[in-house]
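Only one structure is covered here, and it is reproduced in the block below.
The values are calculated or read from the model by the stated rules, or taken from the named source; none is laboratory data. Note that the structure is predicted; figures quoted are calculated from it, not measured. Ideal geometry is used to build each Cβ from the backbone, glycine not excepted, and the neighbour counts take in all protein chains shown. Protein only, heavy atoms only, side chains kept; ligands, DNA and RNA dropped before computing areas. Shrake-Rupley method; radii C 1.70, N 1.55, O 1.52, S 1.80 Å.
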Amino acid sequence: MSIESCLNRRDIWRGNRSTITTRSVVPTGFDELDQCLPGGGWPLGAMTEVLVKDINHSPLWLIAPALSVLSKQARWQTWITPPHTPFAPALNDNGIELSRILLVRPSRQQDALWAAEESLRSGGCSVVLFWTQHLGRTPLRRLQLAAERSQTWMICFCTGPAVDPHTSAALRIQCQPDPDGIQLNILKCRGGRSVNNLTLSRRIPVQHIPSDMGCCL
Amino acid sequence: MNQHSNTCVIPGSPTSRTLFAVPPSPPQTPSLTGPSNKLPLWLALYFPKLSLEVVTSLAENTPAVAFEQQRQAYRIITVNDAANQAGIRPDMTLATARAMVPQLKTFPRDQRSEQQILEKLASRATRWTPAVVIREDCLLMEIAGSLKLYGGLQSLLISVDSWIQTEAHRFQTAVTPTPASAILSARAGRTLCVTDRGQLVSHLRDLPVGWLNLGRRRNDLLNRLGIHKIGGLLRLPRHGLARRLNPTVLNQLDQLIGRTADPQLFYTPPLTFYEDVALIQDVDSIEFLLPAIEHLLNTMGVQLKHSCTAANHLNWILTDDHGYSLDIPVQMSCPRRETQVFLKLSRLAFEAIQLKRPITHLALKAKLLTSIPEDNDTLMTDNCNFSGDPTVLLDSLQNRLGFKAVQGIRLNPDHRPEQSWMPCSPGELGPTFQSSPRPLWLLHRPRHMDIKHGQPCLQGKPLLLDKQIERISSGWWDKKPVKRDYYLASNNQLRVWIFRDLGSGQWYLHGIF
């Protein structure tokens, strides 16, 4: 038995390269981050958990390029219980199609969880964004399973410290604010490696040119 | 053929033959493959026990009758089999019948319900032909145009038969080339199937005159004349018949055998759906309603399919016997006709409801839409092949969470940040325009900031302000005036959008980048 045949076994995982490369992803828009993530982008059909210090300061600019790419699809982008109003002029400047956005603000937490699961199961969403102070182990697992059965990017913003160290999410990222942008720790990454202290600088959005003006240029 | 109806005809005269006599045709069995020409063919459905069936569901072994008031007397309209065996016949007075059978169950006739049942049956019958007529207590269907579609008369009759069996009404049918003769044969209980107009008279000839509904006085007169069968009536000279009975009787006879036109007014099903079920026992929990909900939706699905309509709004009405009523609306973003989607959305709408008291009736009401916007689909699907229908998700969320909890956003051309966007119905396209750099988060309402050493502070830390100032001064016309100097500011953690209110001089946090 050669070493190569040993390494080609399915149950052997080599840490130096991403094993899952066929999974569909959406580019993050940040080259440094793309390189750290298996497949080169945010994983579709899986849950991404973003831990932030304060849920009111969720870094929307981090995911705006990906939202812009996904808004080309004729499916909803469901925003469930966002902490503030997503500001339409800025979203438009970032190239996000506003008519795809569904703002869902249920009055109860269990309705919010239901809305998230329903959005994932229906297949009618390209992305589901969910803000919650705390997500228990069971709801997290349910949402991850629902996401796996869809072609939807599930992203959940939770607050950091009180979080369960074990997660069933495919990707878990911790964010720390930085004067120039953000410092990321990739705590868990299915099919990739964890990365510490990755610094991303804030990017001024490329001015989005409406399609009806494009021909004049 | 268009003879003057008052022509004087002398029987036996060599110059004119009896007008109603039809030249004997060579004997042949009625063809079941349908007429070769496009002459109409009428199928009549008669429900002999309908007036009893709508008022009671008693077992057949209890003698029961339905009656109505005719002049001074209550007369019997319909009898069931048990009452018939006891010797009670229609047209008897109620007093006589009660004398004959003291334990007789009697029910006053409910013509409104009968009419409703007939209309319901008529709207279901439109699946075989658009030409459906409600005439007195019969349904008439013109089926000549549907023969080819259903593979001939035989198979059409079989499918109509199997439908009407499921409707749980006693029925009698007949197929003839004229509407009047079809009704007559169906009423008389003759299961006629005549497709050739030439053979019609020979089949009608031995039916009793009584079925023509000429009225008691004329029936008595004909009895005295010794005329008991329609054949006998047809042999009478027209002139005398018109004089002794009435010219309208001649017209009736002409229409019977197709000598004069007998135009019919077709039934148009209303563009609404309404159906209710009485629950067997009081229901105080939504789960027990599910079978009834499913039944009503299936019934509606059949009607939507056959009338090529769709619905975008359902209304469930839950009532009890004491006047309590609860409406549960189900709204959809686009017209639909899939029963499964209706069921799913209805379940979601019912889940949000708590029943305060047990209910006894469940009804479903819907307005039907004829114009359904249908998209063309590509033959070759592109690689973005998604299983779900985005509109189903929207409808599910809205029906479970309420319409206010699920919204879209759009731009609004206004300089004031609060007014530069607005909530809208999901999927609505607003205007697009460029703006100065704006934060991705806008606070629901500007938050007052503390000042330390003359500088605004966020979480106790002073903010560094960019030199660039944007002054927004607008809205004097609508009582929400804004006079602010906006700054981009940052500390070592956040980049924010703050403003100084020029009126009060206070600092506020308004957005987060």
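The table that follows gives values for the structure above.
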quantity: Paramagnetic reach from A:Lys53 in region B:471-513 [backbone N under 16 Å; point 7 Å along Cα→Cβ]; calculated: B:490-496, B:513
quantity: Residues in region B:168-205 that a label on B:Ser162 would reach, taking backbone N under 17 Å of a point 7 Å out along Cα→Cβ; calculated: B:168
quantity: Per residue solvent-accessible surface (Å²) - chain B, probe of 1.4 Å; calculated: 54 Å²
quantity: A:His57 accessible area, assembled protein chains, probe 1.4 Å, Å²; calculated: 40 Å²
quantity: Full-stretch length increase - B:Asn492, B:Gln72 - with 0.36 nm per residue and alpha-carbon distance subtracted; calculated: 141.2 nm
quantity: Principal-axis tilt of helix B:179-188 within chain B, Cα atoms, nearest 10 degrees; calculated: 70 degrees
quantity: Three-way shape label, region B:213-361, alpha-carbon gyration tensor, a/c 1.5; calculated: prolate
quantity: Region A:44-83 - convex hull of the alpha-carbon atoms, volume per residue in Å³; calculated: 85 Å³
quantity: Region B:94-202: radius of gyration over Cα atoms, expressed as a fraction of 2.2 N^0.38 Å; calculated: 1.29
quantity: Chain B - mean residue ellipticity at 222 nm from DSSP helices (-39,500 (n - 2.57) per run, n ≥ 4, rounded to 500); calculated: -7500 deg cm²/dmol
quantity: Helix B:111-125 axis, angle to chain B major axis (alpha carbon atoms, nearest 10°); calculated: 80 degrees
quantity: Cα-only radius of gyration and Dmax that characterise chain B, units Å; calculated: 37.0, 130
quantity: Three-way shape label, region B:47-155, alpha-carbon gyration tensor, a/c 1.5; calculated: prolate
quantity: Average silhouette area of the protein assembly as shown, convex hull of alpha-carbon atoms, in square nanometres; calculated: 53.6 nm²
quantity: Cβ-Cβ FRET estimate between B:Glu351 and B:Leu464, R0 fixed at 45 Å, reported to 0.05; calculated: 0.30
quantity: Estimated FRET transfer efficiency (B:Lys229, B:Asn251; beta-carbon r; R0 25 Å; 0.05); calculated: 0.80
quantity: Prolate/oblate/rounded call for region B:163-217, Cα gyration tensor, a/c under 1.5 rounded; calculated: oblate
quantity: Cα-based Kirkwood hydrodynamic radius, region A:43-202, one decimal, Å; calculated: 15.8 Å
quantity: A versus B: buried accessible surface, summed, Å² (probe 1.4 Å, to nearest 100); calculated: 4400 Å²
quantity: For the protein assembly as shown, with +1 on Lys and Arg beta carbons and -1 on Asp and Glu, the positive-most of B:Leu394, A:Ser119, B:Thr176 along the dipole; calculated: B:Thr176
quantity: Accessible area (Å², 1.4 Å probe, nearest 10) - B:Leu271; calculated: 90 Å²
quantity: Cα-based helix-to-principal-axis angle, B:390-401 vs chain B, degrees rounded to 10; calculated: 80 degrees
quantity: FRET efficiency estimate (nearest 0.05) - Cβ-Cβ, B:Leu502 to B:His453, R0 22 angstrom; calculated: 0.55
quantity: Gain in span if fully extended, A:Arg149 to A:Asn8, counting 0.36 nm per residue against the direct Cα distance; calculated: 48.0 nm
quantity: Label-point gap, in nm, between A:Arg193 and B:Tyr274 - each point 7 angstrom along Cα→Cβ; calculated: 7.3 nm
quantity: Centre separation in Å (Cα based) which lies between region B:246-317 and region B:128-152; calculated: 15 Å
quantity: Pairs beyond 32 Å (Cα-Cα), from B:Lys305/B:Lys356; B:Lys49/B:Lys229; A:Lys53/B:Lys480; B:Lys365/B:Lys404; A:Lys53/B:Lys479; B:Lys120/B:Lys148; calculated: B:Lys305/B:Lys356; A:Lys53/B:Lys480; A:Lys53/B:Lys479
quantity: Normalised alpha carbon radius of gyration of region B:417-512 [divisor 2.2 N^0.38 Å]; calculated: 1.17
quantity: B:Leu279, B:Leu241, A:Leu187, B:Leu464, reordered so the largest accessible area comes first (probe 1.4 Å); calculated: B:Leu464, A:Leu187, B:Leu279, B:Leu241
quantity: For region B:64-126 and region B:330-353, distance of Cα centres in Å; calculated: 42 Å
